[in-house]
Amino acid sequence: HCGAGTTASGLRAGVPTIPIPFFADQPFWANKMYDLGLSAKPILRKNLSVDSLINSIDYVTKHNFIKENCLHIKEKINQEDGVDLAVKKINKFFRANIKST
């Protein structure tokens with residue numbers, strides 16, 4: 001469906017996505033994935049069919065740039081330490097905005 005969590009999981013796995021968004025933030029992430037060359041064009045749920053799914057599978061498996069982009073993003077994600085970065089930013093914010101009592 002291409003919500004934030006499933007999108008992140010796919011990116012961490014380094015695999016192309018076939019987004020079928022239907023609610024909330026899913027269309028945003030589905031279109032972002034397509035725009036970045038990480039997925040097939042999103043299929044609206046009302047347009048989902050055997051043919052549309054086959055076309056999307058063909059698209060992500062036949063275009064090497066999508067696989068390469070996904071592997072590149074996977075490498076970048078695996079090099080991040082998001083928790084450490086968040087802690088550093090939070091500490092920096094508090095040091096800059098909280099006065100000693």
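Each value in this text was obtained by applying a stated rule to the coordinates, not by laboratory testing. Bear in mind the structure is a predicted one, so any value in this text is a computation, not a measurement. Here the Cβ positions follow ideal geometry from the backbone for every residue, glycine too, while neighbour counts run over all protein chains shown.
Return the subset of LYS32/LYS76; LYS32/LYS89; LYS41/LYS76; LYS76/LYS99; LYS67/LYS89; LYS32/LYS74 for which the Cα-Cα distance in this structure is over 28 Å, preserving the input order. The answer is LYS76/LYS99; LYS67/LYS89.
Mind putting a number on the dipole of the range 48-96 about its Cα centre? Charges go on the C-beta only, +1 for Lys and Arg and -1 for Asp and Glu, and I need it in Debye to the nearest 20.
About 400 debye.
The C-alpha atoms of the chain define a longest principal axis, and helix 64-79 lies at about 20 degrees to it. Here the range 16-89 is treated with +1 on each Lys and Arg Cβ and -1 on each Asp and Glu Cβ, and its dipole about the Cα centre works out to around 160 debye.
Ordering LEU36, CYS70, ILE98 by Cα displacement along the dipole of the chain toward the positive end leaves ILE98 in first place; charges were set at the Cβ atoms of Lys, Arg (+1) and Asp, Glu (-1). The protection proxy used here, the mean number of other Cβ atoms lying within 10 Å of each residue, ranks peptides 82-92, 7-17 as follows, highest first: 7-17, 82-92.
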